[in-house]
Amino acid sequence: MATTATAHGTDGERGKLAAVLPAYEIGAVLGRGAFAIVYSGRHRRLDREVAIKRLSTELLAEEAARDRFAVEARLLASLDHPHIVRVYDYVEEGEVCALVMERLHGGTLADRLRLGRLPHATACAITLAALHGLEYAHRRGVLHRDVKPENLLFGEHRLLKVGDFGIAKVVGAHGARLTATATGIGTPAFMAPEQVSRSAGPLSSATDIWAVGAVLYEMLAGAPPFPTDGEVGEILVARVTEDPRPLSEPAPDAPKAIAEVVMRALRRRPDERYQTAAAFAEALERAANRALGTRTIAATRIPLHPNPPPADATAAPLLVEPAEADLAPAPDRRRRRRRLGAAIAAVAAAAVVAVVLMVAGGGSPRRGADLASLPGPPPGWPRALSLGADDTVGGPAGVARRVGRGGLSVSVFAGDAAKGDDWSSDPKQSPAAFVRNAGRRSLFPYAMYYQLRAVGRGGRDADNAGEIRRTLADSRLMRIYWRNARAFLRSLGSTGRPVAVSLESGFWALLEQDLGFKDERPDSVHAVVGSSGLRELRGLPDHLPGFASAWQRLRDRYAPRVLIGYDLDDYGTNLDISKELVPRPTVVARAREAGTFFLQIDSFFDFGALEIAFSEEGRNPTRKEVYSTAEKDELVEFVREFTRVSRFPVVLENVPVGNTVMRTIDDRPYHWRDSWVQWMLGDDRSSGLRKLRDAGVIGVYFGVFAAATDRTCPCDAAHDGVTNRGRRGATATSADDDGGYFRARVEALRRAGGLALR
């Protein structure tokens, strides 16, 4: 009954909100806090997703409080900076006071920190982005007062934005009515000393600087600068009476120059910290360039939008007078410590409970071609949806003839590095040569890296999660693996060109399914990373998210233009779309599971690579789903929901290229029938491919690369100018049998102008 009452109450509140915001559709609850509730929303005419924060009626019961809210809302709406969450509108009518804000789908920094420490360059880049946003606000007279990982949110292409500006001030001024002894506002782990006791000084821009320093400290150390266990009052007393422990203790691998910048930002006296966010950013960037290299911050691909220098170079930092600082009067010195503890406990009681404003998932799937709401292609990716094909005869030249400029040139870099039987021991398999060859033909290079399941196994792949986990925990094999990965990225990076890398086919899905059965998190999987002996990986955690972070760190160092793809497989959620038809709610639920697992691994991947098939289906009268559109529609639903949750685009791999149209298709070996090409490209609008694009797909690779003995090739093995009735035999190069259908349909798509991604 309580649940029903709560639901009815929420519906009633939603109705009140809808009445005063008729231009918006009011969606599901995104988050709740002590002083607000946040709903998803959509502007009906602009079709723009928003987050609507309704402040509690208790908080704004007094007329003065409502006036203060109106002033603050207008000020917040005036803040227009790439690193600040936009406030589009506010409404104050009857019982309702609400802010309408930009909605982001990339999650929060808090989400990432739950997976462990961040690479040094990534932590610095995130901090710089936050400081640029704060500097803009400070120049306009706005303090944040509650900077914390939950209020640092990610949008498209890793763009970081600071959210909840000014809300702490509204709550701090009038939230005391909600607790008998409320004296301040903020989140204890990130509250500056002057937010705890007025004796530490008035609030100023240095207050936000302390909080940013604490966030950076946690990104580098994996824990905040002050312990968070124990009584809240004692925790905050230490904020005023003690210095934070040096960063070098919990994070000995942090470069000294960066650690010095962090510790200056965390000094107890505000006048000893950096006086402006710009000064903090300048010092941090200088230290990072010196310690990590001048290109390392840029290699993280976290966009940075610094502010121009102020017109008045002598402008003072923002200062809030003590009367406005929402603090209790200074305690009598004779009882200072005892009364300070009591006041601090009251601060904690009034602290704002974190409200996640912008979260992925929830609501119903997108419909239609709303490209602006889709996760865009990563930097360097072609502007139109790209197609690739496996031409085992003509190679890149044959692919270029079929897919045209901007198509995908695909190559697999595989083998057992421990046995000296992999790409690195074959002079013909140079990653750099592959990239340059693709570039000469105006193709986009797409590499598949397949090593982990093969290393140390002498030609036999690890085909279950137990074998993979044993490999990950084997120090000798993992040292070989990481050296191989480093050599691979060095070779790619030597070209200076963008290239996509799909990482470790089948590896992630097997572990995802295994962990799902055991109800474990990815960080429970032991993987030799920081302890591997590679100096570049020193300090990274030895678990599965650490494995993903290692790829990011090596990429950032040696091949900053490489796009790393997480190899997605519906099999990881115990679903196989290519073999079974299941109810739509099941597809959606499993896709959400897949997206959640993706984010638990590492949300700094650039795209997801979804494998469709490992062999072609052929005619099978017992399989009614083989030629059905229902099978394909399930794929669209899966991709759509995965991108909603993960906010990353998808590339489809291993799409069978057979067809049921050309007379040469007869279901003999190398002449299998299939229907994926027909469904995607078979009509004048390429309707199936368009549906996939509108769900979040940015590229499709046709050809079942991993199953050479039973795949169709859109190639000309007979050298007769057409792709039909080629000689059959025991090798993939004899598969010359799609009848020219693939090439004809792709040419039709190209003549129509292709499918733009934006």
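The values are calculated or read from the model by the stated rules, or taken from the named source; none is laboratory data. Bear in mind that the values here come from a model prediction, so they are computed numbers and not experimental data. Cβ: placed from backbone, ideal geometry, glycine included. Neighbour counts: every protein chain shown. We work out accessible area using only protein heavy atoms, side chains counted, and drop any ligands, DNA or RNA first. Shrake-Rupley method; radii C 1.70, N 1.55, O 1.52, S 1.80 Å.
Of note:
- Nearby lysines by direct alpha-carbon distance to Lys579 (threshold 24 angstrom, same-chain neighbours under 8 apart not counted): Lys624, Lys632, Lys691
- One chain, two ends: Ala752 and Ala18. Fully extended at 0.36 nm per residue, the span grows by 260.0 nm beyond their Cα-Cα distance.
- Dimensionless Rg ratio for the stretch 549-589, taking C-alpha atoms and the 2.2 N^0.38 Å reference: 1.82
- Backbone HN-Hα couplings from phi across the stretch 217-223 [Karplus 6.51/-1.76/1.60, Hz, Gly and Pro as x]: 4, 5, 4, 7, 9, x, 8
- Residues in the stretch 394-428 that a label on Arg460 would reach, taking backbone N under 19 Å of a point 7 Å out along Cα→Cβ: 415-422
- The simple spin-label model puts a point 7 Å past each Cα toward its Cβ; for His305 and Asn289 those points are separated by 2.3 nm.
- Maximal additional length on extending the Asp576-Glu242 stretch stands at 114.5 nm, based on 0.36 nm per residue less the C-alpha distance.
- Semi-axes of the equivalent ellipsoid for the stretch 82-152, Cα gyration tensor, largest first, Å: 27, 16, 10
- Mean accessible surface per residue for the stretch 574-613, computed with a 1.4 Å probe while every protein chain stays in place, in Å²: 35
- With the simple spin-label model, which puts each label point 7 Å out from Cα in the Cβ direction, the Asp89 to Thr57 separation comes to 2.2 nm.
- Efficiency of FRET from Cβ geometry, Ala77 and Arg32, R₀ 25 Å, rounded to 0.05: 0.60
- Surface analysis of the stretch 199-306 yields an accessible area of 42 Å² per residue, using protein heavy atoms and a 1.4 Å probe.
- Counted residue by residue at 0.36 nm each, then reduced by the alpha carbon distance between them, the extension gain from Ser628 to Arg490 reaches 45.2 nm.
- Bridgeable lysines around Lys53 (alpha carbons under 26 Å apart, same-chain partners fewer than 8 residues away excluded): Lys16, Lys148, Lys161, Lys169.
- Using heavy atoms of the protein chains and a probe of 1.4 Å, the accessible area assigned to Tyr741 is about 20 Å².
- FRET E, pair Lys428, Arg44, Förster distance 51 Å, beta-carbon r, rounded to 0.05: 0.30
- Solvent exposure of the stretch 405-474 as accessible area per residue, Å², 1.4 Å probe: 43
- When the residues Glu611, Glu242 are ordered by accessible surface, computed with a 1.4 Å probe over the protein chains alone, the sequence from largest down reads Glu242, Glu611.
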